[in-house]
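Take a look at the structure set out below.
Values quoted throughout were computed directly from the atomic coordinates according to the rules given, and no laboratory measurement underlies them. Just so you know, these numbers come straight off a predicted model, no measurement behind them.
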Amino acid sequence: MRIGSIVGLFVVVWLIIGAVAAGQRGYFTAPPAQCSQLATIALNIVAGPLNYMGLDPQGGCEIPQPS
C-alpha cells in the first residue's frame, strides 16, 4: 500500500512539473485552435521534467475532412 502512495505522488509531481514547463513555454496563453496544439500541450505535460533536459515534444494529428 505504501509503494502505491509513493508512485502516485511521483506521478502527480511529474505531471505538475510538465504543466509548469508547458506554461513557461506559453501554451496556456490562448485556447488551442488546432488539434496539433492540443497534442503538443498534452505531450509537454506528460514529458514532465524531461522538458528541462532539452526535450521539446511537438504533437501532430490530422482530422479527416468530410468529402
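In whole angstrom, the chain maps to an equivalent ellipsoid with semi-axes of 28, 15, 10, each derived as √(5λ) from the alpha carbon gyration tensor and ordered largest first. The length gained on full extension between Q34 and W14, counted as 0.36 nm times the residue separation minus their Cα-Cα distance, comes to 4.6 nm. So what's the angle, to the nearest 10 degrees on a 0 to 90 scale, between helix 35-47 and the longest Cα principal axis of the chain? Tilt relative to the chain: about 10 degrees. The calculated 222 nm mean residue ellipticity attributable to helices in the chain amounts to -18000 deg cm²/dmol, summing -39500 (n - 2.57) over DSSP H runs of n ≥ 4 and dividing by all residues. Axis angle, to the nearest 10 degrees, between helix 2-24 and the longest C-alpha principal axis of the chain: 40 degrees.
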